[in-house]
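Trainee: The structure is given below, and queries will be raised subsequently.
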Amino acid sequence: MVIHAYSEDCLYTAQRIMGDMFDYAFDSYDMDLDVFFQMFLVSDVAFQFQTGNPSYVAGKTGCELVKEVIRKSGLTLPDLPEEMYLDKSPEYWAGWALAFYQWYTGRTFRRIYGAVSIADILKMYPAYHEMDIMQFVSAMDERLAAFYTETNLKRLRTYAGLSQSELAGLSKVPLRQIQLFEQRQRDINHTKAVTVLMLARALGCRCEDLMEI
């Protein structure tokens with residue numbers, strides 16, 4: 001059900017750009033990456049990246065993004081030479097992995113960061129940087145689920161005053177499937193679109209309101 005903001009063909013480039021962005025902010029500007037990422041979030045650079053603006057996921061360098069974030073944050077810092085580092089550091093990996101996770105899940109950077117800081121992602125580097133990226137995805141999913149304890153489906157169902165059985169009857173979605181969604185044992189973001197549509201109609205909400213983004 002997740003609709004990716006940009007093509008998988010651009011994914012490698014987007015990951016490299018975000019990796020270079022983290023590297024440049026940390027190594028050249030000596031910035032704390034959590035501080036930098038908060039600047040990234042309040043600028044519109046995060047929005048442009050997560051929504052797949054081609055200029056940001058393919059057309060700019062990581063160094064250019066750092067300078068744009070700095071400029072849009074109102075800071076006056078020296079215009080340092082752009083430098084791409086050949087050695088892929090933990091900071092590079094953190095940006096590279098985060099870009100994949102945001103693309104794969106469709107969650108916003110703000111929602112991800114609300115549960116997992118950049119410092120937390122850096123702590124995952126020793127264990128996960130040589131693993132398949134889906135191992136990192138699973139670990140991140142666990143952290144977000146532990147932080148966001150109530151799913152959107154449960155919140156909207158409760159607001160509508162419906163029991164799980166009543167929602168199953170109205171939506172024609174099996175009760176067990178609703179239970180698995182609310183217990184996070186099944187990911188509603190990766191279920192069939194028609195299932196989400198039936199739930200949304202029964203709850204009087206938009207399909208996207210049920211997504212865990």
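The values are calculated or read from the model by the stated rules, or taken from the named source; none is laboratory data. Every value quoted in this text rests on a predicted model; they were computed, and no experiment measured them. Backbone-built Cβ (ideal geometry, glycine too); neighbour counts: all protein chains shown.
Trainee: Any idea which of (1) hydroxyl-bearing (Ser, Thr, Tyr); (2) modelled with pLDDT of 95 or more; (3) surrounded by 16 or more Cβ atoms within 10 Å (Cβ to Cβ) is the one Ser165 doesn't satisfy?
Mentor: The one condition Ser165 does not meet is (3).
Trainee: Another one. Provide a single number: the residues in the stretch 178-197 that are more than 17 Å from Tyr159 (Cα to Cα) and surrounded by 14 or more Cβ atoms within 10 Å (Cβ to Cβ).
Mentor: The first filter runs over the stretch 178-197 and keeps only residues more than 17 Å from Tyr159 (Cα to Cα), leaving 180, 183-197.
Narrowing further to those that are surrounded by 14 or more Cβ atoms within 10 Å (Cβ to Cβ): 180, 184, 186-189, 191, 195-197.
Qualifying residue count, the stretch 178-197: 10.
Trainee: Something else: Does the stretch 49-96 hold any residues that are in contact (Cβ under 8 Å) with a residue 60 or more places away in the chain and assigned to a loop (DSSP other than H, G, I, E, B), and which are they?
Mentor: Matches in the stretch 49-96: Met84, Tyr85, Lys88, Ser89.
Trainee: Follow-up question, since we're still on this one. With the checklist (1) within 17 Å of the chain's Cα centre (by Cα); (2) modelled with pLDDT under 95; (3) more than 21 Å from Arg110 (Cα to Cα) in hand, flag the one item Ala5 doesn't pass.
Mentor: Result: Ala5 fails condition (3) only.
Trainee: Continuing with this model, one more query. Which of the residues belonging to the stretch 64-107 are buried (at least 18 other Cβ atoms within 10 Å of the Cβ), closer than 27 Å to Lys123 by Cβ and over 21 Å from the mean Cα position of the chain (by Cα)?
Mentor: Ile70
Trainee: From the list Phe100, Phe36, which one is within 27 Å of Ile3 (Cα to Cα), hydrophobic (A, V, I, L, M, F, W, C) and either out of contact with any strand residue (DSSP E or B) (no Cβ under 7 Å at 6 or more places or on another chain) or not assigned by TED's automatic domain parsing to the domain that holds His190 (or both)?
Mentor: Selected residue: Phe100, the only one of Phe100, Phe36 that is within 27 Å of Ile3 (Cα to Cα), hydrophobic (A, V, I, L, M, F, W, C) and either out of contact with any strand residue (DSSP E or B) (no Cβ under 7 Å at 6 or more places or on another chain) or not assigned by TED's automatic domain parsing to the domain that holds His190 (or both).
Trainee: Could you check Ala127 against (1) closer than 15 Å to Val2 by Cβ; (2) without any contact (Cβ under 8 Å) to a residue 12 or more places away in the chain and say which number it fails?
Mentor: Evaluating Ala127 over (1) closer than 15 Å to Val2 by Cβ; (2) without any contact (Cβ under 8 Å) to a residue 12 or more places away in the chain leaves (1) as the failure.
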